[in-house]
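Student: Pasting in a structure now, in structure tokens, and then I'll have a few things to ask.
No value in this document is a laboratory result; all are computed from the given coordinates. Bear in mind the structure is a predicted one, so any value in this text is a computation, not a measurement. Please note: Cβ atoms are built from the backbone with ideal geometry, for glycine as well, and neighbour counts cover all protein chains shown.
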């Protein structure tokens, strides 16, 4: 069980596990994650190290908070809530009666640390035995798995078969599991603003998903949930009974009431529809209508407030994931075009010479950065350079030359940060035999220019060039990890199916390749088709990017870069005006006083020395007091400008001689 489940349930990118330390009484020791069952109680990390996201909802029920009977009661309630929302569960039990519920999210989706902590805090308020500490800490949050040793000396027992557990991980929960869970629980992800609680139609972005105005506002038919209201929720709406005699349980009337309204909003009900349903002669009068009795004369205002909360919350949790950008693909670092209706393009793509260069660059990176994590980010930047060379570069004597800034490379490199791109470029171009040469440093508005060269003696065969695509790096790799890209492209775009061939083409060892294929299989991008053979999976990169709203991330990045670029250009313009202002200064003293603040101290010091000198040399022609030297005014102006340039460019100071 440990060998099968530990690699699948550990957070992506985590290569270590936590071990129980009897001295501290905690999982405070780290060790390399292996398939071999550890000799001490072990736990896998829940959150990724940098992004603080998780692929599972993990609930830890502690028997010390009420005993095994209380744990079983809370687990049964949680099981009802999670399965009703579309969750698939893995449940285990320890020797002392404690239990875990592990709910994998939908394939290729994740939840943030803030989302999980908020949800577990709400659940813990109604489930006394639930321990939220494993979900609270990003760096050390962990959970022990079925099969591992527990603190009492036994092993955690899986309730069910291992085959069912593996199927649960592979299939995952439904894509709308978390939003539906909020609807079933009758809770909101966050507290709404005052404006949201008074007018549900005040959000301009919501208008594209709704129809009608005022109290007749409803979701447009294209965005409603076509399924009927769940039987348990409808039972409460008609009869009340928050104790859940129909198989549901809500902690209080408030959660039950909000659950009914949320489900009604999802199915296109208006505020006037709800008023008619809870009216004295309405079918929901005894159930939902009775839940508002506590508000007396303010019942209608409370209903309007709950309706506003529900529709705004549904917009934030579901509707914003249905933008048209999910049906587009990238054609340039900063833009998109509509995706063709046919299947995805397969095979090689781009000019032959650029593909040969990129194949050579990949081979150089594999050899230069062998065994180092920078290898994958270097290859991403090299691919982005090749793509921008095809889009905006030129060939000079058979060599591709491209002038590109770090921000543009960031957009073409799958939203890698600009700082990371600059760090890679600085490291690569200083190495012997690097596949690029810095031919011109950035000056003003002109970006760094690179020549894409093949300096080594290695040659690239036509087969390697045919397994290269000149295209931008997909944004989804920012979520999945850069190291997975090459093997995915070899399988999906170039049709390689044999594991040995794939590992040879990607220049990875068997163990590394197996780990990468396992991660791709979990994401749904690759499927195992036979012994030692793989093929494309049911999920696409576009679907993963859509689930993580990466188009919005790209747009935010583009807007931020545009603002930074405008500020940089404005600074350059102001600096140019300042230089011209200094050059037009009539005297060097005037240039000092017009210069930067840090240099005015020198001017003040020079004025002080001049004031305290009792005697001194005669005035210098053209500087202190112009004298009749026989030179024309134009010559004096040239001399003054020359002195100003010496001060500005070299830091020279005018002294008396």
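Student: What FRET efficiency would be calculated for the residue pair residue 276, residue 64, taking the C-beta separation as r and a Förster radius of 60 Å, to the nearest 0.05? Mind dumping the intermediate values first?
Tutor: On the way: r = 51 Å, r/R0 = 0.84.
It comes to 0.75.
Student: Go ahead and run the numbers for FRET between residue 31 and residue 441, Cβ-Cβ distance against an R0 of 56 Å, rounding to 0.05. Show your work: numbers first, answer last.
Tutor: Working: r = 47 Å, r/R0 = 0.83.
That gives a FRET efficiency of 0.75.
Student: Here's another thing I want to ask about it. Taking the mean number of other Cβ atoms within 10 Å as a proxy for protection, how do you rank 546-553, 498-505 from highest to lowest?
Tutor: Numbers: 546-553: 18.0, 498-505: 16.1.
Per-residue Cβ counts within 10 Å, averaged per peptide and sorted highest first, yield 546-553, 498-505.
Student: Which order do the peptides 32-41, 270-279 take when ranked by the mean count of other beta-carbon atoms within 10 Å per residue, highest first? All intermediate terms of the calculation are to be shown ahead of the outcome.
Tutor: Working: 32-41: 13.1, 270-279: 18.4.
Ranking, from highest mean packing down: 270-279, 32-41.
Student: Moving on to the next point. Tell me, what is the percent relative contact order of the range 352-547, built from C-alpha pairs under 8 Å that lie six or more residues apart? Walk me through the numbers on the way to the answer.
Tutor: Details: 271 pairs, mean separation 39.5, N = 196.
Relative contact order, the range 352-547: 20 percent.
Student: Another question about this same structure. Can you give the Rg to Rh ratio of the range 1-85, both from alpha-carbon atoms, with Rh computed by the Kirkwood formula? If you can, show how the numbers build up before the last one.
Tutor: Numbers: Rg = 15.1 Å, Rh = 14.9 Å.
Value, to two decimals: 1.02.
Student: Taking neighbour Cβ counts within 10 Å as the exposure measure, how do 569, 113 sort from fewest upward? Intermediate values should be presented prior to the final figure.
Tutor: Values: 569 12, 113 19.
Ranked by crowding around the Cβ, least crowded first: 569, 113.
Student: Given a Förster radius of 22 Å and the C-beta distance between residue 349 and residue 463 as r, what FRET efficiency does 1/(1 + (r/R0)^6) yield to the nearest 0.05? List each step's numbers first, then the result.
Tutor: Details: r = 16 Å, r/R0 = 0.71.
Using R0 = 22 Å, I get an efficiency of 0.90.
Student: Report the extension gain between residue 73 and residue 171 in nm, rounded to one decimal, defined as 0.36 nm multiplied by the number of residues separating them, less their alpha carbon distance. Numbers along the way, then the final one.
Tutor: Values: separation 98, 0.36 × 98 = 35.28 nm, distance 2.71 nm.
Taking 0.36 nm per residue and subtracting the Cα distance, the gain is 32.6 nm.
Student: Take 637, 443, 233 and order them by how many other Cβ atoms sit within 10 Å, fewest up front. Each step should come with its number before you reach the end.
Tutor: Details: 637 13, 443 8, 233 23.
Arranged by neighbour count, lowest to highest, 637, 443, 233 become 443, 637, 233.
Student: Treating each Cα of the range 2-174 as an identical point scatterer and ignoring solvent, apply the Debye formula and state log10 I(q)/I(0) at q = 0.11 Å⁻¹.
Tutor: Values returned for q = 0.11 Å⁻¹ are -0.41.
Student: Quick one: 416, 1, fewest Cβ neighbours within 10 Å first, how do they rank? Kindly include the intermediate steps, with their values, before the conclusion.
Tutor: Details: 416 23, 1 17.
Final ranking by Cβ density, sparse to dense: 1, 416.
Student: For the range 352-547, count the residues as N, evaluate 2.2 N^0.38 Å, and divide the Cα radius of gyration by that value, please. Please report the intermediate quantities before stating the final value.
Tutor: On the way: Rg = 16.7 Å, N = 196, 2.2 N^0.38 = 16.3 Å.
Computed over Cα atoms of the range 352-547, the ratio equals 1.02.
Student: Moving to a separate point now. Using a 7 Å offset from the Cα along the Cα-to-Cβ direction at both residue 21 and residue 366, what is the distance between the two label points in nm, to one decimal?
Tutor: Placing both labels 7 Å beyond Cα along the Cβ direction yields 4.2 nm.
Student: Starting with the highest mean, order 128-135, 172-179 by the number of other Cβ atoms within 10 Å, averaged over the residues of each peptide.
Tutor: Going by the mean number of other Cβ atoms within 10 Å, highest first, we get 172-179, 128-135.
Student: Moving on to the next point. How much length would be gained if the chain were fully extended between residue 295 and residue 569, taking 0.36 nm per residue of separation minus their Cα-Cα distance, in nm to one decimal?
Tutor: On the way: separation 274, 0.36 × 274 = 98.64 nm, distance 5.90 nm.
Here the segment from residue 295 to residue 569 would lengthen by 92.7 nm.
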